[in-house]
Amino acid sequence: MRKWLIRILLIIFLISLVLSVIYIITNKFQDKKQNEVFEELENIVTEEKEEKHEEQQEESINLEKLYKLNNDFIGWLKINSTSISYPVMQTDSNRKDYYLRKNFYKEYSQLGTPYIAEYCNVQTSDNVIIYGHHITNYQVFGELEKYKKREFYNNNKIINFNTIYENADYEIIAVFKTIAYTGFKYYEFINSSSEDEFNTFIKRCKELSFYDTGKTAKYGDKLLTLSTCEYSAKNGRLVVVAKKITAE
């Protein structure tokens, strides 16, 4: 009887081991596929034009190409000297969080694709919120973890977010962590009804910030917020808030 029990436990162990290996291999394959998609899209965005007179139109032309491939595409997010260079998607409330587990081509991907909160409007909202997964090896928004240290911030203050409507640079004013649902509900601030409401939001961001950036925002400024998971607490969130400084 005891031998049979040992055999059964051994079989269960072997089956679990095989399933675990299959799971790991499958995830690695999916991650590799998604990274290839990101590279393919980045090549489309950054491809060089042969004729010089087209150089100034290069970015908008390439963004238009991606929009034609998928009308959910809204822009391209990039932070120089980091691995963050990704397409950004947006859907309405009927497909909330659609790209949480989808790639640009609407196929399943555990990495997902950065996407804008469904109630934001990139042209008119006071605060545009972009969500992305916190993945190890600095994939997707994983590298935002480095912003916990001021030295990294000092060398990477600017976020570039080019949309199908305009090209813009944003300067980071605060980096903080909080708890979703029970902590600071930064994700509820999209449009301010008053100057006091705007100032209250900025004040709270600055109070929570890991360090004083020496930068702030005033009523009328447009904000960009990058949000990802933060694993020091359950439902933790790491948040980077920036203000628009240039647009064309």
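The values are calculated or read from the model by the stated rules, or taken from the named source; none is laboratory data. What you see is a predicted model; the values in this text were computed from it and never measured. FYI the Cβ positions are ideal-geometry reconstructions off the backbone, even for glycines, and counts take in every protein chain you see.
Values computed for the structure shown
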item	result
Of the criteria (1) under 19 Å from Ile130 (Cβ atoms); (2) exposed (fewer than 15 other Cβ atoms within 10 Å of the Cβ), which one Tyr231 fails	(1)
Looking only at region 215-228, and only at residues there that are buried (at least 20 other Cβ atoms within 10 Å of the Cβ) and not aliphatic (A, V, I, L, M), the one that is nearest to Asn191 (Cα to Cα)	Thr225
Extreme residue, nearest to Ile74 (Cα to Cα), among residues of region 162-211 that are of a type in the set (Gly, Ala, Ser) and surrounded by 17 or more Cβ atoms within 10 Å (Cβ to Cβ)	Ala168
Qualifying residue in region 132-150 (condition: at pLDDT 95 or above and among the polar types (S, T, N, Q))	no
Filtered residues of region 202-223 (kept if in contact with a strand residue (DSSP E or B) (Cβ under 8 Å, 6 or more places away or on another chain) and either closer than 14 Å to Ala242 by Cβ or charged (D, E, K, R) (or both))	Ile202, Cys205, Lys206, Ser209, Thr213, Lys215, Thr216, Ala217, Asp221, Lys222, Leu223
Meets criteria (more than 21 Å from Tyr231 (Cβ to Cβ), surrounded by fewer than 22 Cβ atoms within 10 Å (Cβ to Cβ), modelled with pLDDT of 95 or more and not acidic (Asp, Glu)) for Ser125	yes
Unique match (being within 20 Å of the chain's Cα centre (by Cα) and over 21 Å from Ile159 (Cα atoms)) among Phe184, Phe189, Phe210	Phe184
Single unsatisfied condition, Tyr211 versus (1) without any contact (Cβ under 8 Å) to a residue 12 or more places away in the chain; (2) closer than 15 Å to Ile172 by Cα; (3) not hydrophobic (A, V, I, L, M, F, W, C)	(1)
Check on Glu50, at negative phi, at pLDDT below 90 and touching a Lys or Arg at 6+ places or on another chain (Cβ under 8 Å)	no
Those residues of region 84-109 which are loosely packed, with under 14 Cβ neighbours inside 10 Å and in a loop (DSSP other than H, G, I, E, B), in sequence order	Asp92, Lys96, Asp97, Tyr105, Lys106, Glu107
Identity of the residue in region 78-97, under 14 Å from the mean Cα position of the chain (by Cα) and not polar (S, T, N, Q), that ends up farthest from Ala168 (Cα to Cα)	Asp97
Inter-residue pairs, beta-carbon under 6 Å, first touching a residue at least 60 places away in the same chain (Cβ under 8 Å) and in region 173-200, second aromatic (Phe, Trp, Tyr), 6+ apart	Val175/Tyr147; Val175/Phe210; Thr178/Phe184; Phe189/Phe201; Ile190/Tyr119; Ser192/Phe198; Phe198/Tyr219
